[in-house]
Amino acid sequence: MSKITITIDGKEVETQAGEYVLNAARANNIFIPAICYLTRCSPTLACRICLVEADGKQVYACNAKAKEGMNIVTTTENIEKERRAIMEVYDVNHPLQCGVCDQSGECELQNYTLEMGVDSQHYAIKDVPRPAKDWDHLHYDPGLCIVCERCVTACKDMIGDTSLKTVPRGSDPLDPQYKESMPKDAYAMWNKLNKSIIGLTSGGDMLDCTKCGECAAVCPVGALVDTHYIYTTNAWECEQIPATCGHCSAGCQIYYDVKHTSIESDEPKIYRVTNEWNYVSLCGAGRYGFDYQNKVEGKDEEAFSKAVEAFKKADTISFTSTITNEEALILQRLKEKYGYKLINEEARSFQKFLKDYSEISGQSLWGSDLEEVHHSDFVVSVGMAIKSDNPNARYALNNSMKMNKGAGLYFHPVKDPVIEGLGKNIVSIYHKPLQEEAVLYLLLDLFGDKEKLPKEIVEYLASFHSKVMETKKEVVKKKVTETVKVKKVDEESGEEIEVEEEKTKMVNETIEKEVEVDKNALFDIVGVPAKFSETLEKLLKKKEKFALMVGPDFYTHPNSKNLARLTALIEKYSPFKLVIVPPLTNSLGVALINELDEEKGSFTIGYNTKGDFTLSALGDGDLDMPAINQQEGTLTSVNKRVNPTNQAVPYRGYELNDIANALGLEAELTVDYTKELPVEKGFESKDFDELPNYWENDGTEVRGYVLNNMTVESKGDESVKPFGEETLEGQLIYLANPVRQFTPFTHKTTNLDEKSGLYISEEYLQKSDFNEGDSVRITTDSGELTTTVVCDNKIAGDIFVLPTFDKNLNSEALFSGYRFNRASIEKV
Amino acid sequence: MSNTEMFKDRNISEDYFLLDIEDYPTTPWEKFKRVVKRSFKGELFVGLWVVLREMIKFDIHTIQYPEEKLPIGPRYRAVHEMKRLWESGTERCIGCGLCEKICISNCIRMETRYDENQRKEVGEYSINLGRCIFCGYCAEVCPELAITHGGEYENASEQREHFILYEDMLTPIDDVLNKKQREFQGFGAITPHEDERLKKTPLAY
Ligand code: SF4
Ligand code: SF4
Ligand code: SF4
Ligand code: SF4
Ligand code: SF4
Ligand code: FES
């Protein structure tokens, strides 16, 4: 896109050709009123308040594209009249209940009513009953709704559930005299508004979605509110603590809204989580799973001295990736000083994957990020249950399709109705477990630059192709001439006579033809749907920006090394930009900072995981530790960003830093380590307090800093192994969480109520003799456990899913690394 | 600047005059002279004599507090009251939190919740009288004429933190039903010409 200059209210501003006028204005700090437009989503033209004059013609700023030399005037007398009338219309029958409204103080209706100086009302219509609805985690009050459709737009264009839509209001038509007397746009907007309110796409009574709460976040008024938040506090009473979500590797920006607990207690309490919804979209875990802090009354000196003793005795520290970079560095320093073995299997496999990837790519990290995926038009996801592994990757996939007329391929063994529901242009391909290499070979075959790819690979790929004769039905157009009798009125006599006329017409005729076609054996191996070549051809039309996301299934795959190398080859020799999705919150940080070991020693300190002596932020260990929402520090995200997070609720106990200090390291605060993060791994030597956490008006992310992608010496060996035929057959189980759950930390929160157990798809349950709530014993080659059946309509097919968020379930014990396994399941 | 020049632009009456105040003594000797002059001028004894005389005559002008109390003006700003609606007796406070926000000594705190009738309910409400400066802002901002000041000014306590709770302030239900509740007329009360200032909204019924 090229840079152009336009003039807004006499000020010359630079923008991209094709950018919406509204965005160009916002980027240059020029205010244009706008209600229904959501950055990163498509304009709906519901509010029409963004009227401006472009080269003398009235246009809507949110959908008028900037052209070189355009001259924009943001207010004229007529526009002012329109805006005032629009605001009056919004206030028609709007209850005067700001006093008890959860949106009060941050309500766009309040703001614009004041901004437009609406102090009298000229319009009226009879109201219709609009009862409030309880939609599980949301509360919808149509009485307050201004039908801006932002909720609908966010759910469709960003999240992808498309759970909301406009439904008929059942109102009387507008008084016809308004058509004459009202400003034109205001009338048109009212006419539309008067016909609808918001309802559920499913037509049912209960919202059944992935529960992100983004719709309530974008609602400009108090119509959609999080159920847990209703009437608990006024927005202005809360202090907003800028932070980073600690639940997954997306590292979303959030604010903890914090206020005292009650009239008696000054203890800060988190009332809700908010976000800069124009630039980041949260999932339900980030939005509703905020009260996972470890409440500790004071320093337990006895436990602390025991901990120090234990550290002196121990030779191993075992930990999870739900820790900050600074804590990871403390562990690394302890290792350097005392030779502890550091055990973190999930981060180690990821670290190894990155190393193998670097050997071919020559870079320490992947080249792209989710931001770029949002702007791509052909996105492929392989090796992850995308909606639960990294919700933001799913949003990027959906958003790219909706906004850029994009398309995509989703490769995964577990059927996913949510992904299928994103739209026809994202084709789901359910391959067999262990066949991920075949998928990557297929991508190389379809998209790789055969000129540049190593010769052996090209030959290997060619070996899957064969020429076969196929009978193809073809439709051809044929000219046929026939004589038909037509009735005509004789001009002279006026009588109807019959004449014969010759007519030629084109008819379609289906003929069968034997044609030689190229048969790609990889198609069958991967299990693509019928007519895949044709579908793909259609999907690929006019596509320019390609993105590939690979995920955690790869890292523990028995052939992860080969997968890493294939991934690197795709990035190198195809148009795909690559994102590698880290498995947990800070797996990337840990993988960069820590030297991880394979074998445990004899005495283990566990940090958020069981050890001979356990430090735990979950409150169940021998010594308490602060949870992420009680700490300052940084987290490294899938976007390769080092994001700062702040303390929302106090912590009064000991921290890892206190133990480190007792063991001879020296740092007053944990965040003293921020500037010491390893520069050779791509970190920057910056103080914690220097790290920003906001967005510019033009959408530029200014959060922390982006890791430097370091050059890694590659040996020039680009060989990859052919893929094996081995797959898993029989009853399969998969290690993944339901949406909104990630770790025992999300499990601990009040609002996230997902049940633990064996997740079986609704579809499967209907045809099997398992029922929800049944107690079952699951046995695999690695172990066995007993749990209950949970019915899940967000997965489909025959593969059962076992979550990791419940530490009592200990589901990992059934797997030997790879996320799929064969299992026998019986009712007990 | 002449003596009254600074007041020129003020809308003051003609009767204002400046007191003739002696210059302050500067040297220790002058100060000493002033003390002696004031002490022995005899005014002290004049005062004592008046007191003695009135005591003997039993002509007492002061209020016999606490037996006697002066009536308090309807606009006096003492300890707060929470009013109820006249007709139904329901509490007027809707829990909007404006009083909490506007309070400049930050002494109002409240807890609200979503109740069974899908309404906002005020669970707890407190004013820390140890900090309240009785400025009347809360009464002025209250959209419901719920919180007002009252005439109760006797609030001695052993503790500065002594605070009052919702129940302490709320008009007893019997009072309102027996029409004994009194509207506050001070800060935040409805002004006499309120009706004229209203703009009417058209209705389509
Ligand atoms: S939605 Fe806005 S204008 Fe309407 S009652 Fe709530 S705060 Fe007031
Ligand atoms: S619920 Fe909120 S976001 Fe949705 S249409 Fe109504 S006002 Fe707009
Ligand atoms: S919570 Fe999320 S998924 Fe559910 S309706 Fe709202 S936006 Fe859509
Ligand atoms: S869990 Fe992940 S996707 Fe969800 S809000 Fe947190 S960081 Fe974002
Ligand atoms: S301002 Fe009035 S209505 Fe609002 S919370 Fe205070 S007392 Fe209640
Ligand atoms: S913001 Fe442009 S029409 Fe609503």
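The values are calculated or read from the model by the stated rules, or taken from the named source; none is laboratory data. Please read all numbers here as calculations on a predicted model, not as lab measurements. As a convention, Cβ positions derive from the backbone with ideal geometry for all residues, glycine included, and neighbour counts pool all protein chains shown. These accessible areas exclude ligands, DNA and RNA; they are computed on the full protein's heavy atoms, side chains included. Shrake-Rupley method; radii C 1.70, N 1.55, O 1.52, S 1.80 Å.
In terms of overall dimensions, chain B has a Cα radius of gyration and Dmax of 26.3, 88 angstrom. For trypsin sites (Lys or Arg not before Pro), the sites in segment B:48-120 that DSSP calls loop and that have at most 14 other Cβ atoms within 10 Å are B:69, B:75, B:119.
Near residue B:204, the amide H atoms lying under 5 Å from its own belong to A:125; only residues 5 or more places off or on other chains count, and H is placed 1.01 Å from N. Separation of segment A:591-645 from segment A:319-365 is 12 Å, based on Cα centroids.
Karplus-based coupling profile of segment A:663-678, in residue order and whole Hz: 9, x, 7, 9, 7, 5, 10, 4, 6, 5, 7, 4, 7, 9, 4, x, with θ = phi - 60° in 6.51 cos²θ - 1.76 cosθ + 1.60 and x standing for Gly or Pro. Dividing the alpha-carbon radius of gyration of segment A:368-441 by the rule-of-thumb value 2.2 N^0.38 Å gives 1.02. Around the Cα centre of segment A:466-526, unit charges on the Cβ atoms of Lys, Arg, Asp and Glu (plus for the first two, minus for the last two) sum to a dipole of about 580 debye.
Taking 0.692 mPa s as the viscosity and 37 °C as the temperature, the Stokes-Einstein diffusion coefficient of segment A:466-526 based on its alpha-carbon Kirkwood radius rounds to 202 µm²/s. So if each residue of separation counts as 0.36 nm, and I subtract the Cα-Cα distance between residue A:3 and residue A:767, what length gain in nm does that give? Between residue A:3 and residue A:767, full extension yields an extra 269.2 nm. Normalised by 2.2 N^0.38 Å, with N the number of residues, the alpha-carbon radius of gyration of segment A:1-124 equals 1.15.
FRET efficiency for the pair residue A:661 and residue A:595, taken as 1/(1 + (r/R0)^6) with r the Cβ-Cβ distance and R0 = 35 Å, rounds to 0.95.
For peptide A:258-265, what's the mean number of Cβ atoms from other chains within 10 Å of each residue's Cβ? Shielding by partners across A:258-265 averages 3. Once you order the gyration tensor axes a ≥ b ≥ c over the Cα atoms, which shape class does segment A:686-738 get: rounded for a/c under 1.5, otherwise prolate or oblate by comparing a/b with b/c? The shape class here is oblate.
State whether segment A:732-827 is rounded, prolate or oblate according to the following rule on the C-alpha gyration tensor (a ≥ b ≥ c being the square roots of its eigenvalues): a/c under 1.5 gives rounded; otherwise a/b larger than b/c gives prolate, and the remaining case gives oblate. Oblate.
Legend: residue pairs A:561/A:827; A:165/A:387; A:195/A:402; A:184/A:538; A:748/B:83; A:479/A:531, Cα-Cα distance threshold 32 Å; pairs beyond threshold, A:561/A:827; A:184/A:538; A:748/B:83. Is the C-alpha gyration tensor of segment B:157-205 telling us rounded, prolate or oblate? Criteria: a/c under 1.5 is rounded; beyond that, a/b larger than b/c is prolate, otherwise oblate. It is prolate, given that a/c is not under 1.5 and a/b is the larger ratio. Distance from the Cα centroid of segment A:504-536 to that of segment A:650-695 is 60 Å (rounded to whole angstrom). Taking amide hydrogens as placed 1.01 Å from N in the peptide plane, the amide H of residue A:693 sits under 5 Å from those of A:704, each at least 5 positions away in sequence or on another chain. For the protein assembly as shown, the mean residue ellipticity at 222 nm estimated from helices alone is -6500 deg cm²/dmol, where every DSSP H run of n ≥ 4 contributes -39500 (n - 2.57) and the total is divided by all residues, rounded to the nearest 500. For segment A:8-60, the equivalent ellipsoid derived from the alpha-carbon gyration tensor has semi-axes of 17, 14, 10 Å in decreasing order.
With 5 Å bins beginning at zero, the pair-distance distribution over Cα atoms of segment B:80-189 amounts to 2, 12, 22, 25, 21, 12, 5, 1, 0 %. A quarter of the convex hull surface defined by the alpha-carbon atoms of segment A:218-261 gives 4.1 nm² as the mean projection. Remark: mean inter-chain Cβ contacts per residue of B:80-91 equal 0, using a 10 Å Cβ-Cβ cutoff to other protein chain atoms. The length gained on full extension between residue A:265 and residue A:483, counted as 0.36 nm times the residue separation minus their Cα-Cα distance, comes to 68.9 nm. Eigenvalues of the alpha-carbon gyration tensor of segment B:89-150, scaled by 5 and square-rooted, set the equivalent ellipsoid semi-axes at 21, 13, 9 angstrom, largest first.
Descending by average beta-carbon neighbour count within 10 Å, the peptides A:574-581, A:406-413 line up as A:406-413, A:574-581, the highest first.
Rounded to the nearest 100, the interface formed by chains B and A buries 2100 square angstrom of accessible surface, both chains summed, with a 1.4 Å probe. With bins 10 Å wide beginning at 0, the percent of Cα pairs of segment B:84-124 falling in each bin runs 27, 45, 25, 2. Under 5 Å from the amide H of residue A:366 lie the amide H atoms of A:580, each residue being 5 or more positions distant or on a separate chain, with H modelled from the backbone and absent for Pro and chain starts. What the phi angles of segment A:444-452 give under the Karplus curve with 6.51, -1.76 and 1.60, with θ = phi - 60°, is a coupling list of 4, 5, 6, 10, x, 7, 5, 5, 9 Hz, glycine and proline written as x. Annotation: peptides B:39-51, A:623-635, ranked by per-residue average of other Cβ atoms within 10 Å with the highest first, follow the order A:623-635, B:39-51. GNM on chain B, C-alpha springs below 10 Å: top fluctuator among B:193, B:80, B:149? Highest fluctuation of the listed residues: B:193. For segment A:305-409, the alpha carbon convex hull comes to 140 Å³ per residue, rounded to a whole number. Look at where the Cα atoms of segment A:243-280 and of segment B:33-93 average out, and the two centres are 53 Å apart. With the gyration tensor restricted to C-alpha atoms of segment A:326-471, the semi-axes of the equivalent ellipsoid amount to 34, 23, 15 Å, longest first.
When chain B is treated as a Gaussian network with alpha carbon springs shorter than 10 Å, the biggest mean-square fluctuation among B:32, B:58, B:163 belongs to B:32. Expressed per residue, the C-alpha convex hull volume of chain A stands at 239 Å³.
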